[in-house]
1. When only residues in the stretch 33-65 that are loosely packed, with under 11 Cβ neighbours inside 10 Å and not in a strand (DSSP E or B) count, which is modelled with the lowest pLDDT?
2. Name the residue that is farthest from the chain's Cα centre (by Cα), counting only residues in the stretch 29-48 that are among the small types (G, A, S) and farther than 11 Å from V59 by Cβ.
Amino acid sequence: MSLHTQTATRASLITYNKNNCPQCGGWLLAPDWSEYVDTRCVRHTWSCEACDYRFETAVFFSEAA
C-alpha cells in the first residue's frame, strides 16, 4: 500500500468553502471545540493558526418534519 499525496488537494477537502478565518482568510480545518446546545443548535469555537484570531459560530438546524 502506498500513500498518494498528489491526489489530495486542499480544494477537494473544503466542502462548502466556508472554513476560512474572518480576520486573515486563512484556511481552518476543524473547530477547536463543539458544544451541543440543544436539539437544534451546535456551537463551535475556532482559532486561526496563522493570525491567532479566535471566534465562535453557531449552527441552527431546522425542526424535524
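The values are calculated or read from the model by the stated rules, or taken from the named source; none is laboratory data. Quick caveat: nothing in here was measured; it's all calculated off a predicted structure. Cβ atoms come from the backbone with ideal geometry, glycine included; neighbour counts cover every protein chain shown.
1. Across the stretch 33-65, the extreme among qualifying residues is A65.
2. S47
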